[in-house]
Amino acid sequence: MKRVLIVIFVLIAALAVVATGCAPQQQFLSIATGGTGGVYFPLGGALATILNQNIRNMEASARVTGASVANANLLATAGADGVELAFLQNDIAYYSFNGIEMFRDRKNDQIRGIATLYPEVIQIVATEASGIRSVRDLAGKRVAVGAAGSGTEANARQILEAFGLQFDALARAERLPFGDATAQIRDGHLDAAFVTAGAPTAAVTELANSIAITLVSLTGPEVDALRTAHPFYIRHTVPAGTYRGVTAPVETVAVRAMIAVKGTLPERLVYDITRALFNNLDDFGAAHVRGKDLSLTTAQEGMPIPLHPGAERFFRARR
Ligand code: GLU
């Protein structure tokens with residue numbers, strides 16, 4: 001009798017183990033984007049939808065954040081306060097991985113790459129009326145320099161420095177997300193804003209549709225020096241007609257947007273994420289035109305950190 005009881009007990013225990021193994025385990029995934037007036041935000045929303053529709057038990061959601069630097073820090077944060085996946089600039093990902101620049105006290109060599117996406121253009125947007133035509137003209141002006149914790153703010157500092165200026169040379173250096181910055185320009189409270197984002201950027205499009213704007217070009221020996229000091233900047237031309245009133249091409253520089261993940265995510269999960277994204281590029285491209293730039297052939301251009309093994313397996317299979 002005792003033997004029979006033991007056998008029954010063991011069977012029940014085994015069944016319980018099998019049952020829990022089969023129960024759908026939800027996979028929560030937070031995706032860090034940026035402000036609502038940028039490009040990360042619509043693309044992050046599209047990515048969450050793609051993952052939810054194509055990976056079983058996936059519960060992905062996009063989060064509004066201060067953008068690149070904040071996102072790198074969220075990737076380094078454990079638990080529900082952190083995120084598993086983030087959009088960020090390739091220069092900022094490199095600084096985070098190596099613990100340099102703004103990450104001197106926060107090195108995170110556990111950050112891993114999935115793919116680079118599209119050029120993020122350094123756009124210095126000014127009102128036509130401000131008379132700002134060059135970086136040096138920003139001295140004494142009221143300027144939005146990117147949200148607190150953004151890659152834009154880091155780019156603004158480096159670019160001003162290349163032209164011999166600091167934030168304190170500006171009449172005001174405001175930390176604002178793109179949408180707030182352009183609203184303040186429209187209302188006459190600011191003269192210009194730095195915007196590092198895929199073009200066209202919604203916040204700039206809206207501004208250009210309501211007042212006369214100019215895009216300041218970035219050329220000359222100062223830009224050569226900038227590129228030597230910070231090699232992630234590549235030359236980039238904003239085509240004429242990108243915004244209302246921009247009637248000639250504007251020469252500037254760009255970095256690259258990318259998607260990064262926590263290195264601790266399982267290989268299988270990151271493989272599934274990468275595959276879902278590349279199998280649904282039409283949906284990604286429908287959220288913002290820059291989403292159409294993503295392709296298997298360009299996904300490693302400017303990749304500044306090691307790929308996650310799950311992404312690596314996906315690209316190796318597709319090569
Ligand atoms: N690259 C920007 C930043 O990190 C954000 C761009 C966007 O929101 O599309 O500051």
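The values are calculated or read from the model by the stated rules, or taken from the named source; none is laboratory data. Remember, predicted model here, so these are calculated numbers, not experimental data. Cβ sites come from the backbone with ideal geometry, for glycine too, and all protein chains shown count toward neighbours. To get the accessible areas, we keep the full protein, side chains included, count just its heavy atoms, and leave off ligands, DNA and RNA. Shrake-Rupley method; radii C 1.70, N 1.55, O 1.52, S 1.80 Å.
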Residue identified as within 24 Å of Ile159 (Cβ to Cβ) and open to solvent by 10 Å² or more (accessible area, probe 1.4 Å) among Asp91, Asp109, Asp137: Asp137
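Each row is one residue, and each column tells you yes or no for (1) more than 14 Å from the ligand (Cβ to nearest atom); (2) more than 30 Å from Leu85 (Cα to Cα); (3) in contact with a strand residue (DSSP E or B) (Cβ under 7 Å, 6 or more places away or on another chain); (4) not in a strand (DSSP E or B).
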{"position": "Ile185", "(1), (2), (3), (4)": "yes, yes, yes, yes"}
{"position": "Ala193", "(1), (2), (3), (4)": "no, no, yes, no"}
{"position": "Glu206", "(1), (2), (3), (4)": "yes, no, no, yes"}
{"position": "Leu218", "(1), (2), (3), (4)": "yes, yes, yes, yes"}
{"position": "Asp224", "(1), (2), (3), (4)": "yes, yes, no, yes"}
{"position": "Phe232", "(1), (2), (3), (4)": "no, no, yes, yes"}
Unmet requirement for Thr242, which otherwise passes all of (1) of a type in the set (Val, Ile, Thr); (2) over 17 Å from the mean Cα position of the chain (by Cα); (3) part of a strand (DSSP E or B); (4) buried (at least 16 other Cβ atoms within 10 Å of the Cβ): (3)
Every residue from segment 234-270 that is among the small types (Gly, Ala, Ser) and within 16 Å of the ligand (Cβ to nearest atom): Ala254, Ala257, Ala260
Breaking point among (1) touching a Leu at 6+ places or on another chain (Cβ under 9 Å); (2) open to solvent by 10 Å² or more (accessible area, probe 1.4 Å); (3) not basic (Lys, Arg), for Ile114: (2)
Tabulated pairs, segment 83-112, first under 20 Å from Gly146 (Cα atoms) and in a loop (DSSP other than H, G, I, E, B), second away from the ligand (no atom under 15 Å from the Cβ) and among the β-branched types (Val, Ile, Thr), C-beta under 7 angstrom, 6+ apart or interchain: none
Segment 32-57 residues that are within 8 Å of the ligand (Cβ to nearest atom), paired with ones that are open to solvent by 70 Å² or more (accessible area, probe 1.4 Å) (beta carbon under 6 Å, 6 or more apart): Thr33/Phe41; Gly34/Phe41
Sole residue being within 12 Å of the ligand (Cβ to nearest atom), out of contact with any helix residue (DSSP H, G or I) (no Cβ under 9 Å at 6 or more places or on another chain), open to solvent by 10 Å² or more (accessible area, probe 1.4 Å) and among the hydrophobic types (A, V, I, L, M, F, W, C), chosen from Ala62, Ala70, Ala78: Ala70
